[in-house]
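First up is the structure itself, then whatever we jot down about it.
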Amino acid sequence: MDRSFSPGQRARSTTSWSRWHHRLHKALLASPGLLPSGASLLVAVSGGQDSLCLLRLLQDLQRLHHWSLQVFHGDHRWQPDSAANAAHVQSLCTTWGLTCHQVVAPRLPGEAAARHWRYARARALCRHLGCHHLVTGHTATDRAETLLFHLCRGSGSRGLGSLRPHRQLAPGLQLTRPLLHFSRQDTLQCCQALQLPIWPDVSNEDQRFMRNRIRKRILPELEQVNSAAVAHMAACAQQLAEESDLLDQLAREALSTMGATRSASLSPQALAALPRALASRCLVHWIRHHTGCDPDRQRISQLLLSLNRPKTTIVLGRGWYLRWRGGCIHLQRGNSEAARPSTTHGSPLHPAPPE
(Lines give C-alpha, C1' and ligand atoms only; values in the text may rest on other atoms or scores of the structure.)
Protein backbone atom coordinates (compact mmCIF):
# COMPACT_ATOMS: atom_id res chain seq x y z
CA MET A 1 0.00 0.00 0.00
CA ASP A 2 1.33 3.46 -0.93
CA ARG A 3 1.39 5.56 2.23
CA SER A 4 2.94 8.67 0.68
CA PHE A 5 0.78 11.77 0.52
CA SER A 6 0.46 15.21 -1.03
CA PRO A 7 0.74 18.51 0.92
CA GLY A 8 -3.07 18.77 0.88
CA GLN A 9 -3.49 15.28 2.34
CA ARG A 10 -0.86 16.14 4.93
CA ALA A 11 -2.89 19.07 6.22
CA ARG A 12 -6.04 16.96 6.55
CA SER A 13 -4.26 14.06 8.29
CA THR A 14 -3.15 16.11 11.29
CA THR A 15 -3.64 19.61 12.61
CA SER A 16 0.02 20.02 13.61
CA TRP A 17 2.24 18.37 11.02
CA SER A 18 5.88 18.93 11.90
CA ARG A 19 9.34 17.85 10.91
CA TRP A 20 9.05 15.20 13.65
CA HIS A 21 5.99 13.70 11.95
CA HIS A 22 7.77 13.74 8.62
CA ARG A 23 10.87 12.13 10.10
CA LEU A 24 9.01 9.22 11.71
CA HIS A 25 6.71 8.75 8.70
CA LYS A 26 9.72 8.61 6.37
CA ALA A 27 11.49 6.08 8.62
CA LEU A 28 8.40 3.85 8.74
CA LEU A 29 8.06 3.93 4.96
CA ALA A 30 11.71 2.87 4.71
CA SER A 31 11.12 -0.03 7.16
CA PRO A 32 7.53 -1.14 6.51
CA GLY A 33 7.92 -4.23 8.68
CA LEU A 34 8.54 -2.17 11.81
CA LEU A 35 4.93 -1.04 12.28
CA PRO A 36 2.97 -2.56 9.39
CA SER A 37 -0.08 -0.82 8.00
CA GLY A 38 -3.21 -1.82 9.89
CA ALA A 39 -1.32 -3.33 12.83
CA SER A 40 -2.80 -3.38 16.34
CA LEU A 41 -0.50 -1.41 18.64
CA LEU A 42 -0.28 -1.16 22.42
CA VAL A 43 1.83 1.91 23.24
CA ALA A 44 3.65 2.01 26.58
CA VAL A 45 3.28 5.53 27.99
CA SER A 46 4.93 6.75 31.19
CA GLY A 47 4.02 10.39 30.71
CA GLY A 48 7.63 11.42 30.10
CA GLN A 49 8.87 13.23 27.02
CA ASP A 50 9.87 10.16 24.99
CA SER A 51 6.58 8.27 25.37
CA LEU A 52 4.45 11.41 24.87
CA CYS A 53 6.35 12.27 21.71
CA LEU A 54 5.87 8.71 20.47
CA LEU A 55 2.15 8.58 21.26
CA ARG A 56 1.36 11.93 19.68
CA LEU A 57 3.28 11.14 16.50
CA LEU A 58 1.68 7.70 16.17
CA GLN A 59 -1.80 9.09 16.68
CA ASP A 60 -1.24 11.84 14.12
CA LEU A 61 0.13 9.29 11.62
CA GLN A 62 -2.68 6.84 12.32
CA ARG A 63 -4.81 7.95 9.34
CA LEU A 64 -1.91 7.27 7.00
CA HIS A 65 -0.92 3.88 8.46
CA HIS A 66 -4.36 2.66 9.63
CA TRP A 67 -3.17 1.33 12.98
CA SER A 68 -5.35 0.44 15.94
CA LEU A 69 -3.93 2.33 18.97
CA GLN A 70 -4.33 1.63 22.68
CA VAL A 71 -2.23 2.77 25.64
CA PHE A 72 -0.59 0.91 28.53
CA HIS A 73 0.58 2.65 31.71
CA GLY A 74 2.33 0.76 34.54
CA ASP A 75 2.34 2.40 37.97
CA HIS A 76 5.37 1.12 39.91
CA ARG A 77 4.40 3.12 43.02
CA TRP A 78 8.03 4.14 43.50
CA GLN A 79 7.28 7.85 43.77
CA PRO A 80 4.77 9.71 45.96
CA ASP A 81 3.23 11.24 42.83
CA SER A 82 2.79 7.96 40.93
CA ALA A 83 -1.02 8.02 41.31
CA ALA A 84 -1.11 11.61 40.06
CA ASN A 85 1.12 10.59 37.16
CA ALA A 86 -1.27 7.76 36.26
CA ALA A 87 -4.23 10.15 36.43
CA HIS A 88 -2.38 12.57 34.17
CA VAL A 89 -1.80 9.86 31.53
CA GLN A 90 -5.44 8.77 31.79
CA SER A 91 -6.69 12.33 31.39
CA LEU A 92 -4.46 12.90 28.37
CA CYS A 93 -5.67 9.70 26.70
CA THR A 94 -9.29 10.65 27.36
CA THR A 95 -8.69 14.06 25.77
CA TRP A 96 -7.04 12.44 22.76
CA GLY A 97 -9.77 9.80 22.42
CA LEU A 98 -7.52 6.85 23.24
CA THR A 99 -8.23 3.83 25.46
CA CYS A 100 -5.77 3.65 28.36
CA HIS A 101 -5.14 0.44 30.34
CA GLN A 102 -3.52 1.03 33.72
CA VAL A 103 -2.04 -1.53 36.11
CA VAL A 104 -0.58 -0.96 39.58
CA ALA A 105 2.45 -2.92 40.73
CA PRO A 106 2.85 -4.80 44.01
CA ARG A 107 5.91 -3.92 46.07
CA LEU A 108 8.91 -4.39 43.79
CA PRO A 109 12.48 -4.79 45.10
CA GLY A 110 14.33 -2.89 42.38
CA GLU A 111 14.68 -1.65 38.81
CA ALA A 112 15.18 -5.11 37.26
CA ALA A 113 12.08 -6.48 39.03
CA ALA A 114 10.08 -3.47 37.85
CA ARG A 115 11.17 -4.07 34.26
CA HIS A 116 10.20 -7.75 34.43
CA TRP A 117 6.83 -6.86 35.96
CA ARG A 118 6.12 -4.18 33.38
CA TYR A 119 6.88 -6.42 30.39
CA ALA A 120 4.97 -9.35 31.90
CA ARG A 121 1.84 -7.24 32.38
CA ALA A 122 2.19 -5.68 28.94
CA ARG A 123 2.54 -9.11 27.32
CA ALA A 124 -0.57 -10.35 29.10
CA LEU A 125 -2.50 -7.27 28.06
CA CYS A 126 -1.40 -7.64 24.43
CA ARG A 127 -2.65 -11.22 24.41
CA HIS A 128 -5.98 -10.13 25.92
CA LEU A 129 -6.45 -7.27 23.46
CA GLY A 130 -5.12 -9.07 20.40
CA CYS A 131 -2.32 -6.54 19.90
CA HIS A 132 0.69 -7.77 17.93
CA HIS A 133 3.06 -4.89 18.71
CA LEU A 134 4.09 -3.46 22.07
CA VAL A 135 5.56 -0.06 21.20
CA THR A 136 7.98 1.86 23.43
CA GLY A 137 9.60 5.28 23.21
CA HIS A 138 13.26 4.24 23.52
CA THR A 139 15.57 6.64 21.71
CA ALA A 140 19.11 6.75 20.32
CA THR A 141 20.15 8.25 23.67
CA ASP A 142 18.79 5.18 25.48
CA ARG A 143 20.70 3.00 23.03
CA ALA A 144 23.96 4.89 23.70
CA GLU A 145 23.40 4.59 27.47
CA THR A 146 22.72 0.87 27.12
CA LEU A 147 25.91 0.37 25.12
CA LEU A 148 27.95 2.13 27.83
CA PHE A 149 26.13 0.23 30.59
CA HIS A 150 26.89 -3.15 29.01
CA LEU A 151 30.44 -2.09 28.16
CA CYS A 152 31.07 -1.42 31.86
CA ARG A 153 29.63 -4.87 32.68
CA GLY A 154 32.02 -6.59 30.28
CA SER A 155 29.38 -7.66 27.76
CA GLY A 156 30.26 -8.86 24.29
CA SER A 157 28.74 -7.77 20.99
CA ARG A 158 25.34 -9.27 21.82
CA GLY A 159 24.95 -7.05 24.89
CA LEU A 160 26.53 -3.99 23.28
CA GLY A 161 24.14 -4.29 20.34
CA SER A 162 21.01 -4.67 22.46
CA LEU A 163 18.00 -2.31 22.49
CA ARG A 164 17.18 -3.20 18.90
CA PRO A 165 14.41 -1.67 16.77
CA HIS A 166 12.31 -4.78 17.38
CA ARG A 167 12.48 -8.19 19.01
CA GLN A 168 10.04 -11.00 19.69
CA LEU A 169 8.48 -10.85 23.16
CA ALA A 170 6.24 -13.88 22.65
CA PRO A 171 4.83 -15.83 19.70
CA GLY A 172 2.94 -13.32 17.57
CA LEU A 173 4.08 -10.34 19.69
CA GLN A 174 6.86 -7.89 18.78
CA LEU A 175 8.45 -5.28 21.00
CA THR A 176 8.95 -2.31 18.66
CA ARG A 177 11.04 0.84 19.19
CA PRO A 178 10.35 3.24 16.30
CA LEU A 179 12.15 6.26 17.84
CA LEU A 180 15.70 4.83 17.89
CA HIS A 181 16.73 7.41 15.28
CA PHE A 182 15.52 10.24 17.59
CA SER A 183 17.71 11.54 20.42
CA ARG A 184 16.32 12.56 23.80
CA GLN A 185 16.92 16.17 22.76
CA ASP A 186 14.77 15.51 19.68
CA THR A 187 11.84 14.20 21.74
CA LEU A 188 12.10 17.19 24.08
CA GLN A 189 12.01 19.63 21.17
CA CYS A 190 9.07 17.73 19.66
CA CYS A 191 7.12 17.94 22.93
CA GLN A 192 7.88 21.64 23.21
CA ALA A 193 6.88 22.33 19.60
CA LEU A 194 3.62 20.38 19.95
CA GLN A 195 2.99 21.74 23.47
CA LEU A 196 2.72 18.28 25.04
CA PRO A 197 2.34 18.18 28.85
CA ILE A 198 5.42 16.24 30.05
CA TRP A 199 5.22 14.58 33.46
CA PRO A 200 8.71 14.80 35.03
CA ASP A 201 10.12 11.54 36.43
CA VAL A 202 12.10 12.48 39.54
CA SER A 203 13.62 8.97 39.68
CA ASN A 204 15.73 9.95 36.66
CA GLU A 205 17.65 12.25 38.99
CA ASP A 206 18.54 9.47 41.44
CA GLN A 207 22.21 8.79 40.79
CA ARG A 208 22.23 5.63 42.87
CA PHE A 209 21.22 4.00 39.59
CA MET A 210 24.14 3.41 37.22
CA ARG A 211 22.02 4.31 34.21
CA ASN A 212 21.30 7.75 35.67
CA ARG A 213 24.99 8.35 36.40
CA ILE A 214 25.75 7.48 32.77
CA ARG A 215 22.98 9.85 31.65
CA LYS A 216 23.89 12.77 33.91
CA ARG A 217 27.68 12.53 34.09
CA ILE A 218 29.24 10.42 31.36
CA LEU A 219 27.16 11.23 28.27
CA PRO A 220 27.50 15.02 28.72
CA GLU A 221 31.28 14.63 28.95
CA LEU A 222 31.37 12.50 25.81
CA GLU A 223 29.24 15.06 23.97
CA GLN A 224 31.83 17.66 24.91
CA VAL A 225 34.39 15.51 23.10
CA ASN A 226 32.08 15.08 20.08
CA SER A 227 28.64 16.65 19.83
CA ALA A 228 27.47 13.68 17.73
CA ALA A 229 28.66 11.10 20.29
CA VAL A 230 25.14 9.78 20.98
CA ALA A 231 24.37 9.28 17.29
CA HIS A 232 27.72 7.57 16.72
CA MET A 233 27.24 5.20 19.68
CA ALA A 234 23.72 4.35 18.59
CA ALA A 235 24.99 3.60 15.07
CA CYS A 236 27.76 1.47 16.57
CA ALA A 237 25.18 -0.48 18.60
CA GLN A 238 23.20 -1.12 15.42
CA GLN A 239 26.30 -2.36 13.58
CA LEU A 240 27.21 -4.63 16.50
CA ALA A 241 23.67 -6.02 16.52
CA GLU A 242 23.87 -6.85 12.82
CA GLU A 243 27.30 -8.47 13.18
CA SER A 244 26.11 -10.39 16.24
CA ASP A 245 23.11 -11.70 14.28
CA LEU A 246 25.44 -12.95 11.54
CA LEU A 247 27.69 -14.64 14.09
CA ASP A 248 24.64 -16.26 15.70
CA GLN A 249 23.58 -17.66 12.34
CA LEU A 250 27.06 -19.06 11.67
CA ALA A 251 27.19 -20.56 15.17
CA ARG A 252 23.84 -22.31 14.73
CA GLU A 253 25.01 -23.75 11.41
CA ALA A 254 28.30 -24.92 12.95
CA LEU A 255 26.55 -26.56 15.92
CA SER A 256 24.16 -28.30 13.54
CA THR A 257 27.11 -29.62 11.53
CA MET A 258 28.71 -30.91 14.76
CA GLY A 259 25.45 -32.58 15.78
CA ALA A 260 25.45 -30.52 18.98
CA THR A 261 22.09 -28.80 18.52
CA ARG A 262 20.24 -31.75 20.03
CA SER A 263 23.12 -33.22 22.00
CA ALA A 264 24.53 -32.13 25.35
CA SER A 265 27.94 -33.37 24.15
CA LEU A 266 30.39 -31.39 22.06
CA SER A 267 33.71 -32.18 20.41
CA PRO A 268 36.52 -29.88 21.63
CA GLN A 269 38.48 -30.72 18.48
CA ALA A 270 35.63 -29.45 16.30
CA LEU A 271 35.49 -26.24 18.33
CA ALA A 272 39.26 -25.77 18.13
CA ALA A 273 39.06 -25.91 14.33
CA LEU A 274 36.84 -22.82 14.27
CA PRO A 275 37.93 -19.17 14.49
CA ARG A 276 37.94 -18.09 18.13
CA ALA A 277 35.01 -15.67 17.72
CA LEU A 278 32.86 -18.39 16.16
CA ALA A 279 33.93 -21.01 18.72
CA SER A 280 33.00 -18.62 21.51
CA ARG A 281 29.55 -18.00 20.05
CA CYS A 282 29.03 -21.75 19.56
CA LEU A 283 29.73 -22.32 23.26
CA VAL A 284 27.30 -19.54 24.23
CA HIS A 285 24.50 -21.01 22.10
CA TRP A 286 25.19 -24.59 23.16
CA ILE A 287 25.20 -23.81 26.89
CA ARG A 288 22.19 -21.47 26.70
CA HIS A 289 20.17 -23.95 24.62
CA HIS A 290 20.70 -26.88 26.99
CA THR A 291 20.87 -25.14 30.39
CA GLY A 292 19.17 -21.72 30.13
CA CYS A 293 22.36 -20.14 31.52
CA ASP A 294 24.04 -17.26 29.76
CA PRO A 295 27.86 -17.24 30.10
CA ASP A 296 29.61 -13.88 29.99
CA ARG A 297 32.71 -13.10 27.94
CA GLN A 298 35.15 -13.88 30.76
CA ARG A 299 33.54 -17.26 31.44
CA ILE A 300 33.61 -18.19 27.74
CA SER A 301 37.33 -17.35 27.58
CA GLN A 302 37.89 -19.64 30.56
CA LEU A 303 35.86 -22.40 28.95
CA LEU A 304 37.88 -22.15 25.74
CA LEU A 305 41.10 -22.50 27.74
CA SER A 306 39.70 -25.55 29.52
CA LEU A 307 39.14 -27.44 26.26
CA ASN A 308 42.72 -28.69 26.40
CA ARG A 309 42.41 -29.92 30.00
CA PRO A 310 40.59 -33.26 29.83
CA LYS A 311 40.44 -33.75 33.60
CA THR A 312 38.63 -30.48 34.20
CA THR A 313 35.10 -30.34 35.60
CA ILE A 314 33.52 -26.91 35.60
CA VAL A 315 30.50 -25.90 37.65
CA LEU A 316 28.14 -23.79 35.58
CA GLY A 317 25.49 -23.11 38.22
CA ARG A 318 21.77 -23.91 38.57
CA GLY A 319 22.72 -27.57 39.00
CA TRP A 320 24.65 -27.78 35.72
CA TYR A 321 28.29 -28.61 35.20
CA LEU A 322 30.62 -29.35 32.30
CA ARG A 323 32.72 -32.53 32.36
CA TRP A 324 35.13 -34.35 30.06
CA ARG A 325 34.26 -37.92 29.13
CA GLY A 326 35.28 -40.07 26.17
CA GLY A 327 37.14 -37.25 24.44
CA CYS A 328 34.11 -34.95 24.47
CA ILE A 329 32.79 -32.28 26.81
CA HIS A 330 29.37 -32.96 28.29
CA LEU A 331 26.77 -30.79 29.96
CA GLN A 332 25.34 -32.67 32.93
CA ARG A 333 22.98 -31.96 35.73
CA GLY A 334 23.27 -33.50 39.19
CA ASN A 335 23.28 -32.88 42.91
CA SER A 336 25.88 -30.66 44.50
CA GLU A 337 28.00 -33.63 45.59
CA ALA A 338 28.15 -35.11 42.10
CA ALA A 339 28.88 -31.72 40.60
CA ARG A 340 31.77 -30.92 42.93
CA PRO A 341 34.53 -29.67 40.60
CA SER A 342 38.11 -30.80 40.37
CA THR A 343 38.82 -27.42 38.82
CA THR A 344 36.53 -24.38 38.84
CA HIS A 345 36.68 -21.13 36.95
CA GLY A 346 35.06 -17.97 38.27
CA SER A 347 31.55 -17.62 39.58
CA PRO A 348 28.53 -19.65 38.43
CA LEU A 349 26.70 -18.65 35.30
CA HIS A 350 23.59 -16.52 35.54
CA PRO A 351 20.20 -16.90 33.85
CA ALA A 352 20.05 -15.20 30.47
CA PRO A 353 18.96 -11.54 30.96
CA PRO A 354 16.21 -10.00 28.86
CA GLU A 355 17.21 -7.47 26.22
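Condition check: over 14 Å from the mean Cα position of the chain (by Cα) and closer than 30 Å to Ile300 by Cβ. Does Pro165 satisfy that? No: the conditions fail for Pro165. Listed by first and then second residue, the pairs with beta-carbon distance under 6 Å, at least 6 apart or on different chains, first residue in the range 41-54 and under 16 Å from Phe182 (Cβ atoms) and among the polar types (S, T, N, Q), second at pLDDT 95 or above and not in a loop (DSSP other than H, G, I, E, B), are Gln49/Thr187; Gln49/Leu188; Gln49/Cys191.
Of the set (1) of a type in the set (Val, Ile, Thr); (2) under 27 Å from Leu57 (Cα atoms); (3) without any contact (Cβ under 8 Å) to a residue 60 or more places away in the chain, all apply to Ile198 but (3).
Within the range 257-308, restricting attention to residues that are of a type in the set (D, E, K, R) and surrounded by 21 or more Cβ atoms within 10 Å (Cβ to Cβ), which residue is modelled with the highest pLDDT? Checked the range 257-308; the qualifying residue modelled with the highest pLDDT is Arg281.
In the set Leu179, Leu219, Leu240, only one residue is buried (at least 17 other Cβ atoms within 10 Å of the Cβ), of a type in the set (A, V, I, L, M, F, W, C) and closer than 14 Å to Asp50 by Cα; that residue is Leu179. When Gln174, Gln168 are screened for being in contact with a strand residue (DSSP E or B) (Cβ under 7 Å, 6 or more places away or on another chain), free of Cβ contacts under 8 Å to residues at least 40 places away in the same chain and not aromatic (Phe, Trp, Tyr), only Gln168 passes. Quick one: in the range 146-170, which of the residues that are among the aliphatic types (A, V, I, L, M) and part of a strand (DSSP E or B) is surrounded by the most Cβ atoms within 10 Å (Cβ to Cβ)? So, considering only residues that are among the aliphatic types (A, V, I, L, M) and part of a strand (DSSP E or B), the one surrounded by the most Cβ atoms within 10 Å (Cβ to Cβ) is Leu169.
Per this entry, Ser37 is counted among residues that are loosely packed, with under 15 Cβ neighbours inside 10 Å, in contact with a helix residue (DSSP H, G or I) (Cβ under 7 Å, 6 or more places away or on another chain) and either at pLDDT 95 or above or more than 27 Å from Ala140 (Cβ to Cβ) (or both). Residues in the range 187-216 that are open to solvent by 50 Å² or more (accessible area, probe 1.4 Å) and either of a type in the set (Phe, Trp, Tyr) or part of a loop (DSSP other than H, G, I, E, B) (or both): Gln195, Pro197, Ile198, Trp199, Pro200, Asp201, Gln207, Arg208, Phe209. The set of residues from the range 139-198 being within 19 Å of Trp17 (Cα to Cα) and of a type in the set (A, V, I, L, M, F, W, C) comprises Leu179, Phe182, Leu188, Cys190, Cys191, Ala193, Leu194, Leu196.
The values are calculated or read from the model by the stated rules, or taken from the named source; none is laboratory data. All of these numbers come straight from a predicted model, not from anything done at the bench. When we count neighbours, we look across all protein chains shown, and the Cβ atoms used for this are built from the backbone with ideal geometry, even at glycine. To get the accessible areas, we keep the full protein, side chains included, count just its heavy atoms, and leave off ligands, DNA and RNA. Shrake-Rupley method; radii C 1.70, N 1.55, O 1.52, S 1.80 Å.
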